[in-house]
Amino acid sequence: MTTQTHEFEAEWPEPEARYLRSELPEPPALPLEAVFGPIWADWICKAAAAKGAPPDYVMAALIAVAGTLIGNTRWVSPWLGWKEPPILWFANIGMPSMNKSPGFDAVLGPLKELERAARKEFDDSFSAYREKAEIAKLAEAHWKETAKTAIREGHEPPAKPANANPGPQPVPPRYSLNDATVERIGVILASQPRGVLMFRDELAGWLQNMTRYSGGGSDRPFWLEAYGGRSFSVERMGRDPVYIEFLSVGVLGGIQPDRLSSLLLKTEDDGLLARFIPVWPNPAPISRPETGSDEGFLTTAMDRLLNLQMPIGKEGNVQPWYVPFSDEAAQACQTYREAVGAWETGAEGLLLSFIGKLPGLAVRLSLILSFLDYAAYGENQPEDIEVDAFRRAAHFMEFYALPMARRAYAEAALVKPERAARRLVGIIKERGLKWFNSREILRIEKAGLKTKIELDPALSLLEEANVIRQRKTQPGAKGGAPQRLFDVNPALWSKSN
């Protein structure tokens with residue numbers, strides 16, 4: 001550093017330290033082997049490497065899909081009065097270059113192949129059903145004529161023949177949906193009670209469109225119930241209501257950081273957004289994978305989950321099988337709940353809502369992990385949830401999901417001018433600005449800095465913090481207002497980390 005640079009920097013007061021560092025917490029390390037075991041950890045890493053995506057994205061897709069495939073065939077019950085479906089929602093956060101979609105494809109690709117194979121079987125069974133239905137129509141018509149004649153002649157009408165009933169109509173299998181109305185999902189779930197996955201490559205638009213119906217209607221109540229597996233009646237004007245006994249829908253999708261930031265500020269604080277487990281890793285290194293993932297292993301594992309069946313209840317309706325906790329697991333769960341209560345101190349807003357859901361999330365994940373073990377090894381299905389499965393789930397929630405939530409909600413915890421000031425510092429750093437014109441900043445159209453009303457408080461904060469300093473400039477041509485030019489404190493570069 002030259003003497004001249006030292007003299008220049010000496011003219012500036014020391015800037016406030018908070019603007020010299022990023023307030024965005026670093027992402028936590030993904031505890032793959034500690035939570036998923038060696039077989040699944042190896043598969044996730046290889047699948048992520050083959051797609052050029054962080055393993056976090058593949059992990060999120062695996063949990064969301066596995067939970068949905070288990071669906072209403074198995075619920076978990078730590079103790080009497082507490083039941084949870086294996087439904088977990090994930091939001092993969094990152095810029096387009098981070099390969100969110102390829103990460104999804106590592107799991108959703110094989111799932112779609114399984115659905116295509118099941119649809120082929122459906123097509124064959126539906127063709128056979130149509131033939132039976134045609135015969136049944138003819139048989140019923142003949143029976144009606146015969147019955148009319150018998151009644152007219154004073155004889156006992158014949159019984160309806162068995163071939164007049166074609167049996168239940170086959171239902172096309174749906175494992176995942178990309179876009180569907182609430183009414184359409186209701187129809188699907190009424191005939192497919194185990195549940196379904198809603199996948200949205202871009203979650204922000206889906207969440208914002210939930211109030212698209214006129215007259216104050218909203219899809220949010222449906223989705224709030226879809227997370228909990230409770231009963232729900234889908235009703236719309238001019239259509240028959242559809243009743244769903246166990247409304248369970250998994251949700252998986254991606255979102256960009258800027259869209260997430262905007263959504264955090266605008267969404268209703270009704271707990272819907274806090275139901276998502278945010279996943280926001282650093283980008284994967286650009287490298288050529290040494291080996292690909294074993295899609296056959298994943299297909300076999302998912303097929304085992306698909307073969308799980310819903311038991312028949314006393315009234316003849318299908319219902320979940322409730323998997324209990326072992327006594328040791330139940331005690332570990334209670335200890336964990338007490339710890340979570342302490343974590344709530346000092347938290348607020350969405351983070352507080354998320355922390356409050358951690359015990360339920362851990363319980364759900366313990367069921368999914370137990371059945372992922374079964375799916376990987378093909379041994380006996382778990383009859384209860386052992387303490388090891390719950391401890392692995394609790395470890396994931398404490399050391400991965402909660403730090404990720406703190407990272408995702410960090411900006412939302414700041415007041416609006418402070419958020420704008422930090423975004424302006426981000427622009428200065430990204431573009432290497434030694435000085436800037438306020439009009440040029442507005443032209444960038446960065447969220448939160450698009451208007452003078454938004455920009456001016458940020459400029460004032462940074463001036464007060466000695467990060468920038470406005471130059472004295474001459475009035476514009478014809479006596480117009482002078483340009484607003486700002487110099488940047490060199491300490492922003494020499495001490496930035």
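I'm told LEU24 meets every condition in (1) under 30 Å from ALA465 (Cβ atoms); (2) open to solvent by less than 30 Å² (accessible area, probe 1.4 Å); (3) not polar (S, T, N, Q) except one. Can you identify the failing condition by its number?
(2)
State all residues of the range 22-42 that are over 21 Å from the mean Cα position of the chain (by Cα) and not in a loop (DSSP other than H, G, I, E, B); if no residue qualifies, say none.
Correct list: GLU33, ALA34, GLY37, PRO38, ILE39, ASP42.
Could you list, in sequence order, the residues of the range 345-355 that are within 24 Å of PRO85 (Cβ to Cβ) and open to solvent by 40 Å² or more (accessible area, probe 1.4 Å)?
Listed by number, the list holds a single entry, LEU352.
Taking the residues in the range 206-221 that are open to solvent by 30 Å² or more (accessible area, probe 1.4 Å) and not in a loop (DSSP other than H, G, I, E, B) as candidates, determine which candidate is modelled with the lowest pLDDT.
Top of the filtered list is THR211.
I'd like to know if the range 129-139 contains one or more residues that are open to solvent by less than 70 Å² (accessible area, probe 1.4 Å), without any contact (Cβ under 8 Å) to a residue 24 or more places away in the chain, more than 30 Å from PRO283 (Cα to Cα) and in a helix (DSSP H, G or I).
There is no residue in the range 129-139 that is open to solvent by less than 70 Å² (accessible area, probe 1.4 Å), without any contact (Cβ under 8 Å) to a residue 24 or more places away in the chain, more than 30 Å from PRO283 (Cα to Cα) and in a helix (DSSP H, G or I).
Filter the range 34-52 down to residues that are touching a Pro at 6+ places or on another chain (Cβ under 9 Å) and without any contact (Cβ under 8 Å) to a residue 24 or more places away in the chain and give me whichever is farthest from ILE63 (Cα to Cα).
The selected residue is CYS45.
Can you confirm whether the range 28-39 contains a residue that is at pLDDT below 90, open to solvent by 70 Å² or more (accessible area, probe 1.4 Å) and at negative phi?
Looking through the range 28-39, none of the residues is at pLDDT below 90, open to solvent by 70 Å² or more (accessible area, probe 1.4 Å) and at negative phi.
Among the candidates GLU338, GLU348, which residue alone is modelled with pLDDT under 95 and among the acidic types (Asp, Glu)?
Result of the check over GLU338, GLU348: GLU348.
Filter the range 423-447 down to residues that are more than 22 Å from ALA491 (Cα to Cα) and of a type outside the set (Asp, Glu) and give me whichever is surrounded by the fewest Cβ atoms within 10 Å (Cβ to Cβ).
Top of the filtered list is ARG443.
For the range 384-422, which residues satisfy the criterion of being under 20 Å from ILE453 (Cα atoms), open to solvent by 30 Å² or more (accessible area, probe 1.4 Å) and assigned to a helix (DSSP H, G or I)?
GLU411, ALA412, LYS416, PRO417, ARG422
Would you pick out the residues in the range 152-205 that are open to solvent by 30 Å² or more (accessible area, probe 1.4 Å) and of a type in the set (Val, Ile, Thr)?
Of everything in the range 152-205, those that are open to solvent by 30 Å² or more (accessible area, probe 1.4 Å) and of a type in the set (Val, Ile, Thr) turn out to be VAL171, THR181, VAL187.
Since GLU379 meets every condition but one in (1) at pLDDT below 95; (2) in a helix (DSSP H, G or I), which condition does it not meet?
(2)
When you scan the range 337-345, do you find a residue that is closer than 22 Å to VAL279 by Cβ, under 21 Å from the mean Cα position of the chain (by Cα) and either assigned to a loop (DSSP other than H, G, I, E, B) or touching a residue at least 12 places away in the same chain (Cβ under 8 Å) (or both), even just one?
No: zero hits.
Name the residues in the range 93-123 that are farther than 22 Å from PRO172 by Cβ and of a type in the set (Gly, Ala, Ser), would you?
If the condition is that a residue be farther than 22 Å from PRO172 by Cβ and of a type in the set (Gly, Ala, Ser), then GLY94, SER97, SER101, GLY103, ALA106 are the ones that fit.
Provide a single number: the residues in the range 270-319 that are surrounded by 10 or more Cβ atoms within 10 Å (Cβ to Cβ) and in a helix (DSSP H, G or I).
14
Just for the range 85-120: of the residues that are outside any helix (DSSP H, G or I) and open to solvent by 30 Å² or more (accessible area, probe 1.4 Å), which one is nearest to GLY195 (Cα to Cα)?
ASN99
The values are calculated or read from the model by the stated rules, or taken from the named source; none is laboratory data. On a predicted model such as this, the values are computed, not experimentally measured, just so you know. Neighbour counts run over all protein chains shown; Cβ positions are idealised from the backbone, glycine included. Please note that ligands, DNA and RNA were not included when accessible areas were found on the heavy atoms of the full protein model with its side chains. Shrake-Rupley method; radii C 1.70, N 1.55, O 1.52, S 1.80 Å.
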